[in-house]
Amino acid sequence: MPRPILEETRMLPAIRDRVANWHADIVHNVQAAALSNPVLVVGMAQNPFCRRARRALNAAGQPHHYLEYGSYLSQWRRRTALKMWTGWPTFPMVFVRGVLIGGYQELQGLIDRGELKRMLGEL
């Protein structure tokens, strides 16, 4: 079942552009990086789960690309655009072959079950 998203027809026409283009640059950067890197971690400074995700990938010997946007006190508006785009409420956001797989816990589960290697075509 798809998650509910407010239909454009339920928005005042004057704000539709603003909603559609809310920090579009960060969304485009992440879209491009997710498509051009087998594994992408999008995170923020000072977040322990972002560090854990990167450590888990390093421990699994899995190369990955990392994008960092601010910290708890900076760039939160820009990160909100990513949350609006993906629907994922927390960081990190981990993409495998362009597919959002979740955050640290979901990544660790894939690694533990050997599914990450399968997703990457390494098994």
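The values are calculated or read from the model by the stated rules, or taken from the named source; none is laboratory data. Just so it is clear, the structure is predicted and the values come from calculations on it, not from any experiment. Here the Cβ is made from the backbone with ideal geometry for all residues, glycine too, and neighbour counts use every protein chain on show. Areas reflect the complete protein model, heavy atoms only, side chains present, ligands, DNA and RNA absent. Shrake-Rupley method; radii C 1.70, N 1.55, O 1.52, S 1.80 Å.
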### Message
I'd like the Kirkwood hydrodynamic radius of the range 23-94, using the inverse of the mean 1/r over distinct C-alpha pairs, in Å.
### Response
12.4 Å
### Message
Give me, ordered by chain and number, the residues 5 or more places off V39 or on other chains with an amide H under 5 Å from its own placed amide H.
### Response
H65, R97
## Note on the structure
So A14 and T86, fully extended at 0.36 nm per residue minus their Cα-Cα distance, gain in nm 23.6 nm
### Pairwise FRET efficiency - S71 versus E7, Cβ, R0 = 41 Å, nearest 0.05
0.75
#### Entry: the chain - mean residue ellipticity at 222 nm from DSSP helices (-39,500 (n - 2.57) per run, n ≥ 4, rounded to 500)
-14000 deg cm²/dmol
### Query
Which of the following values of Kirkwood radius over Cα pairs in Å was calculated from the structure shown: (1) 16.7; (2) 15.4; (3) 14.6?
(2)
### Task
State the dimensionless ratio Rg/Rh of the range 1-58 (Rg: radius of gyration of Cα atoms; Rh: Kirkwood radius).
1.12
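With the other protein chains left in place, how much accessible area per residue, in square angstrom, belongs to the chain at a 1.4 angstrom probe?
63 Å²
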### Query
Roughly to the nearest percent, how much of the accessible area of the range 1-114 is carbon and sulfur, given a 1.4 Å probe?
55 percent
